[in-house]
Each structure stands twice: as C-alpha cells, then as structure tokens.
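The values are calculated or read from the model by the stated rules, or taken from the named source; none is laboratory data. Since we're looking at a predicted model, the values are computed, not measured. A quick note on method: Cβ atoms are made from the backbone with ideal geometry, for glycine too, and the neighbour counts reach across all protein chains shown. Side chains included, ligands, DNA and RNA excluded: accessible areas come from the protein's heavy atoms. Shrake-Rupley method; radii C 1.70, N 1.55, O 1.52, S 1.80 Å.
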Amino acid sequence: MNLHEIKQYLEEKKYDAMLITRGNQFLEQDILTAENRILALTGFSGSAATLIVTREKACLFTDGRYEIQANRQVDPAEVEVICTRTNGPINWLRDKFPGKAKMEYNPWCVSIKEIDNIQRLLPNLKLIAKAELFPVEAASVFSHELQYCGIEAQQKHQQVIEFLRQRGCDACLISGADSVSWLTNLRSDALPDTPIVRAMALIRADDEITLFADEQSFPLDCPYRILPLAKIEKEISAAKELTFAVDEQRTPDAIRRMMEKHEIKTCHIIDPCLGFKARKNETEIKGIINAHLRDGIAVCKFLYWLEQHFKDLSELDIVEKIHELRKQQPLFYSDSFPT
C-alpha cells in the first residue's frame, strides 16, 4: 500500500493511525534497501525512522542527524518531518489523540518492551495487532570456523542451557539474529555489511537447537533442524509445559502474543547469549588485535594517499578509497556498516 491507500484503509477500518517501523522481524538489525518500507512510502533513506500515518496525514520521526536529509527527500505535501531525541512518536500521539483512539501495528516489527511502553504512557490508545512476517531475500549461510571463533557451537549451547537452568527456565526463543549467529557459529551474506544469519533459534534444555529461517541456504552438514519462520508458533505450542525465558527488549511482540495464546509460562530474562558474546575468548581477542593491525595498515596507506590527492575530493570519494585499501588486507570480508 502507498500512503493514500493506507489512509483509505484506516478510514474503512475506523482506525485512527498506523505505526510503521523501518525494520522487519529481526529487530535492531539492518535491512536491505528493497526491504525498507519507510523508504518506499516516503522517500526517506536514513537509518533512524518511525512513521505514523493517520487518516489525514503522515508524520516521519527521525533524529537530528537526518533533519536536512529528511526534509530534502520527502514530499512536504504528503509527509511532515519531526526531529526529536526521545519519545517523539509517543508525545505526538498523546497530543494528537487526547481521548480514545485506535492504532494498528505489526507485532513482528516492534518489541515487547516498546509495546508495553506505549500502552503504559498512552492508556487511551487501543493497539490493534496485525501480524505480518516480511519476506527476506535469499542468502547463503556458511560456517564461522573454530580458528576464528575459538569455541565450538555445542559448548556455547551448553553454556546457554546452564544459564537458563540456573534461572529456573527450560527454554528460550532467541530472536536476535546476532545472538543466533554467535550461538551457532554461522554467518551469511544476507546483508552487505555485518554477516549475520537471519534466523531465530528455539533452545530447549531437553532437545537440540531448532532454527527458524526463510530463504536461507544452510550448509549440507548443518547440525540443526531448520524450519520456516511461520512454524514458530507450532513449535512453541508443542513446548507449552516448559518455562520460557523472554528478553522483552529484543523479542517481537508477536512472540509474546503466541505465548499468551498458548498459556506458556514465561520469565523475563536478558538474552542469555549477550553476556557470553561480550566476554571474548583468547582466539577472539587475538583476532580483534590482528584485525586492528590490518586496518591500521590500510588507514596509514590511506593517509599517505590522501596527502597526495586531497584536492577536489568528495567525502564519498574518500569512503570509496579507504574501502578499496581495506579490501586489499588479508581476511577482509566487509565493512561493518556503510559510511
């Protein structure tokens, strides 16, 4: 739907607003240009964006980094740009709808904590969930070898299981793609930067890991059971006798709704992978040091080149050159994010 069609839809449904986020079901992860709904709807390409569409107008919320860019990219006749630091959409909704109102949202694209925050601050706003898993582009998954990660995936699995048991939990659905990548020692070419595997993982103390992923081509020797994302609810419901650990900040509200539907007991715990992932082992520490040394060589070569060629260069010319020099270094895979 385009903005005009969304407004018509709201009119037909008698809803007051629709909340649209930039991301997909893999919260806090980057997306491809073709997956950016806010870009498609408004023309804004920045990395920080929330869109609220009402029957009368569309409001794009971003931060001060993008104020000039947003006003250049959007059509002011269709979209109002609002730059803010915190709680911009919530404050705007409070002012716009002081009485009762209805707002549709996609529970796959918003975390449990975000929804709870909206409901707490805007008690008169009725949130209407319309779940939709967004398609992702095909990608190839490959192993992150032991010589680089330092710990076998099975050992990581046991660490997480013990973490859950100590906190009285039997299972956990890991929805953070970065955590799943760490846990399984798998990577993919799904994104041009940061080679995460776009998958979620069901961990049970009494079973092996089950991965949920769409359009991802896993290695033939992958030891995990692989199911489509649409099968998550069925697998969760089959484990309803277990107590699930849930990270409210990193888990889509759609998962919470499934668990409530099947009366699954939950315990609010931070993603168990995060602490283990943060504590680097000796192999990872050596890898970080060596990566910085290689990058330092590339930067030194770049600074020498810049002294000779600084005239008439744009910032993007410089970005392209330093990428070229980094790419020449051994073991280069990608930049961590676009400049």
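Numbers at a glance
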item: Test: Leu27 is at pLDDT 95 or above and either in a loop (DSSP other than H, G, I, E, B) or surrounded by fewer than 18 Cβ atoms within 10 Å (Cβ to Cβ) (or both); result: no
item: Residue in the range 240-253 that is assigned to a helix (DSSP H, G or I), open to solvent by less than 50 Å² (accessible area, probe 1.4 Å) and within 28 Å of Arg167 (Cα to Cα) present; result: yes
item: Within the range 263-315, tally of residues that are closer than 29 Å to Asn185 by Cβ, surrounded by 10 or more Cβ atoms within 10 Å (Cβ to Cβ), among the charged types (D, E, K, R) and free of Cβ contacts under 8 Å to residues at least 60 places away in the same chain; result: 4
item: Tally of residues being open to solvent by 40 Å² or more (accessible area, probe 1.4 Å) and either over 22 Å from the mean Cα position of the chain (by Cα) or at pLDDT 95 or above (or both) across the range 46-60; result: 3
item: Sole exception among (1) over 19 Å from Leu27 (Cα atoms); (2) out of contact with any helix residue (DSSP H, G or I) (no Cβ under 6 Å at 6 or more places or on another chain); (3) open to solvent by 40 Å² or more (accessible area, probe 1.4 Å) for His157, by number; result: (3)
item: Options Asp95, Asp63: the member that is in contact with a Cys (Cβ under 7 Å, 6 or more places away or on another chain) and open to solvent by 10 Å² or more (accessible area, probe 1.4 Å); result: Asp63
item: Filter result for the condition that a residue is in a helix (DSSP H, G or I) and charged (D, E, K, R), over Lys280, Lys321; result: Lys321
item: Count of residues meeting criterion [of a type in the set (Asp, Glu), in contact with a His (Cβ under 9 Å, 6 or more places away or on another chain) and without any contact (Cβ under 8 Å) to a residue 40 or more places away in the chain] in the range 226-262; result: 1
item: Filter pass, Arg326 being more than 30 Å from Ile118 (Cβ to Cβ), touching a Pro at 6+ places or on another chain (Cβ under 7 Å) and either in a helix (DSSP H, G or I) or not polar (S, T, N, Q) (or both); result: no
item: Number of positions in the range 73-92 that are assigned to a loop (DSSP other than H, G, I, E, B) and either of a type in the set (A, V, I, L, M) or open to solvent by 80 Å² or more (accessible area, probe 1.4 Å) (or both); result: 6
item: The range 140-188, subset on the phi > 0 side of the Ramachandran plot and out of contact with any Asp or Glu (no Cβ under 6 Å at 6 or more places or on another chain), residue modelled with the highest pLDDT; result: Asn185
item: Residues within the range 101-143 that are among the acidic types (Asp, Glu), more than 17 Å from Asn91 (Cβ to Cβ) and open to solvent by 80 Å² or more (accessible area, probe 1.4 Å), tallied; result: 2
item: Which numbered condition Cys222 misses (of (1) free of Cβ contacts under 8 Å to residues at least 60 places away in the same chain; (2) more than 20 Å from Asn24 (Cβ to Cβ)); result: (1)
item: Members of the range 32-45 that are surrounded by fewer than 19 Cβ atoms within 10 Å (Cβ to Cβ) and either among the β-branched types (Val, Ile, Thr) or outside any loop (DSSP other than H, G, I, E, B) (or both); result: Thr33, Ala34, Glu35, Leu39, Ala40
item: In the range 202-225, the residues that are open to solvent by less than 70 Å² (accessible area, probe 1.4 Å), among the hydrophobic types (A, V, I, L, M, F, W, C) and more than 24 Å from Val110 (Cβ to Cβ); result: Ala205, Ile209, Phe218, Cys222
item: Failed criterion for Ile6 (all others in (1) closer than 27 Å to Phe337 by Cβ; (2) open to solvent by less than 40 Å² (accessible area, probe 1.4 Å) hold); result: (1)
item: Every residue from the range 316-331 that is free of Cβ contacts under 8 Å to residues at least 24 places away in the same chain and either closer than 24 Å to Gly287 by Cα or open to solvent by less than 70 Å² (accessible area, probe 1.4 Å) (or both); result: Asp317, Ile318, Val319, Lys321, His323, Glu324, Lys327
